[in-house]
Every structure is written in C-alpha cells, then in structure tokens.
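**Student:** Just dropping this structure here.
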Amino acid sequence: MSPTSLSTARPPAARRVALALAAVLLLALGLSACGGEKDGSGGDGRAAPGAAGLPIRIEHKYGTTEIKSPPKRVVTVGWTDQDAVLALGIKPVGVVEFSGLGMDIDKFPWSSAQWGGTKPTVVGAREDFKMEKIAQLKPDLIIGLYTGMKKEQYDTLSKLAPTVAQSAKYADYAMPWKDMTLVTGRALGKESQARQLIAAVDKRFADVRQKNPQLVGKTFAVADPFKPGQYAVFGAGDAKVEFMKSLGLTLPEAIAKAAGTAGAAVIGSERLNLVEVDRLVFLTSVPNAQKVVEGDKVYTGLKVAKEKRVVFVPYNPTGAAVSFNTVLSIPYAIDQMVPLLTSSG
C-alpha cells in the first residue's frame, strides 16, 4: 500500500488519521499470495524460446515490455526490487533510496554479500526519480515492481531503456515477493534460477512450520507504536503480515477488517483490545519505543502483555528484513524472528 495513495480530500478527522497512517507506512516501508505475470504471447507467462529465455514480452500495469537480450546494466526503481536482481547474480547500477533505516542500501545484512563492496548510484527516493541520473547510467533494463510509479514516469523511463512496471493485478506496493522474483527472473533471462530461489525460500518456511508446531495456527498482530498512545496495526496484504502468515500464524479477521484496503488501522490505546492475540510484534524505530509502550496502562492490562507474549523488534535491521519480505531478506528474517516468537510466552 503506497502512503501517497491515501486521499487528501477527506474530512479533517479522517484526514488526520490518513496522514498518520501515511507516515507510519512510509517508515515501515509500507512495504501477498503467489500469482504469475503473463507474457505478451497470451500463453502461460513462461519465457519464450531463445538464449537465456529471451526475447520475452512481459505485461504490466502500463502495457507490455519486450526484452530482447540479457541485460547487463539494470536500474531498479522499486523500494525492494534490487533484492531479486541481486539474488539472480546481477548488481543493479542504480537504486532508489530508503529513509528511516539508518544504513546504506548496500549494507543491509541480508544482501551485503551480494553487493560485494559495490555501491550503487542512488537515483531518487520513492517515486521521486532523478531521470538525468538514470539516463547517465545508460541502463539496458529498468525494473519498477514494488513502487507507485506513475504512467508519465513510466513513459519517460521506457524511452531510456525497456522498463517493467508494477503488476496490474495488485495495488501499488502490494506485489507479492514470489511474483516479483519470477517476473525479475523472466526479465533477466533467468526464470529457471528464479523458480529455484522461490522453491528454496518456500522450503525454509515449510521447515519452520514443521519444526515449530507451537506457532502454527496461533493468532498474531504486527503493530508500529509510532506515537505515544497511537498504534498502526497492519492488515492482510502487508508484506510484514504475509511474512508472519508464511510462518504458519493466523491474522484475526477483526484486524483484517479494521485495516481494510488502507493497509493498516491507526488506533488509540482505547482500542488495543484489537491486538489481544497469541503473538504480538511491535516494530520500533526509536530507542525508547518499548519503554513508552510499557508505560501505556491499557497495554499493560492486556493478557498478551501480562503473559509476555510480546516481542519488540527494531526496524534496523530485523524489522526492515520482515518489511522487505523479499527472496533475499526472508531467510535472514526467519533466522532473527523465529527465536523471538518461540521464546515469548
């Protein structure tokens, strides 16, 4: 869910909630079931015959893009797009910038090895693409899957290089990691490798569920205590929630309903009964967040708090890995989160 998609033409009270949610989703990287993109042939979306599976035609929100030969200079303009490209053995020459994490994009612990000391050029932040910088990099492919790219931006980018935009099947910032990995693999002429990566991550999730049956079926909530007495509770489709569901946990219908299509429900302390679940995860961005939450008298009265079934996870870096929920970040997130979830309560 893109924070910018929240309407500003709302009544004052509703607008304040929308702005609060927008700020939280931005910090949380706002950052979905597996489906497939079809190619332009009208078939099942598999790569057309040819060297490395190319040429291929990939359909997306703004049309169809043809990629004729294996790209070498790739620019990614989606928040997490670089991870699938890196996992497939190519270092993007340009990426968009992230805010609020306190570390450079090439230093994320789940992908630093793939960068191998190479530092990409930052070509903008969110949808503020620096077209001149992108042009100077002379890309032969531009990928923008986890983004809110506008049509006019796509038109400009597609004049610089073949550009694969976000899927028309999902809302902006809602394309599932499997789809992103598979489409990226097709665009790079590495579909077979992409499928192997997806299968490996699926196995990691399956292993967690098998080894930790105490988590399977348990209810959960993921929330950001972004302001004293105010919480963003993330709903179905959010990458963080989808990560937890893949571990075998269950999102209560009440949370899904409260979050609706906005991606998260912004609530006050008086509604904290919404997160009375088996496992409560707070993603935090400031050092004293846990102290502030534990000073909330409504929170301390919750059964989940009294029974210590709550974990506080800083965005830097574990929360970010969960928020990214990519083919590269998931294994790292599993290693960090499962011990926390199994030791609480």
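The values are calculated or read from the model by the stated rules, or taken from the named source; none is laboratory data. On a predicted model such as this, the values are computed, not experimentally measured, just so you know. Neighbour counts run over all protein chains shown; Cβ positions are idealised from the backbone, glycine included.
**Student:** When you check A239 against the structure, is it crowded, with 17+ Cβ neighbours inside 10 Å, under 26 Å from V310 (Cα atoms) and not hydroxyl-bearing (S, T, Y), yes or no?
**Tutor:** Answer is yes for this residue.
**Student:** Can you find a residue in the range 183-206 that is more than 24 Å from G263 (Cβ to Cβ), in the same structural domain as K61 (by TED's automatic domain parsing) and of a type in the set (S, T, Y)?
**Tutor:** Checked against the condition, which is being more than 24 Å from G263 (Cβ to Cβ), in the same structural domain as K61 (by TED's automatic domain parsing) and of a type in the set (S, T, Y), the range 183-206 yields at least one hit.
**Student:** Assess whether Y62 counts as being surrounded by 15 or more Cβ atoms within 10 Å (Cβ to Cβ) and under 22 Å from Q193 (Cβ atoms).
**Tutor:** Spelling it out, it is not the case that Y62 is surrounded by 15 or more Cβ atoms within 10 Å (Cβ to Cβ) and under 22 Å from Q193 (Cβ atoms).
**Student:** State yes or no: is A33 assigned to a loop (DSSP other than H, G, I, E, B), modelled with pLDDT under 95, closer than 22 Å to D179 by Cα and within 16 Å of the chain's Cα centre (by Cα)?
**Tutor:** Yes.
To keep it simple, each residue is scored yes or no on (1) more than 19 Å from W79 (Cα to Cα); (2) surrounded by fewer than 21 Cβ atoms within 10 Å (Cβ to Cβ); (3) in contact with a strand residue (DSSP E or B) (Cβ under 9 Å, 6 or more places away or on another chain); (4) not assigned by TED's automatic domain parsing to the domain that holds D278.
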| residue | (1), (2), (3), (4) |
| --- | --- |
| V292 | yes, yes, yes, no |
| G301 | yes, yes, no, no |
| E307 | yes, yes, no, no |
| V310 | yes, no, yes, no |
| N316 | no, yes, no, no |
| L328 | no, no, no, no |
| P331 | no, yes, no, no |
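**Student:** Could you check the range 244-282 and list, in sequence order, the residues that are surrounded by 22 or more Cβ atoms within 10 Å (Cβ to Cβ) and assigned to a helix (DSSP H, G or I)?
**Tutor:** M244, I255, A259, L272, V275
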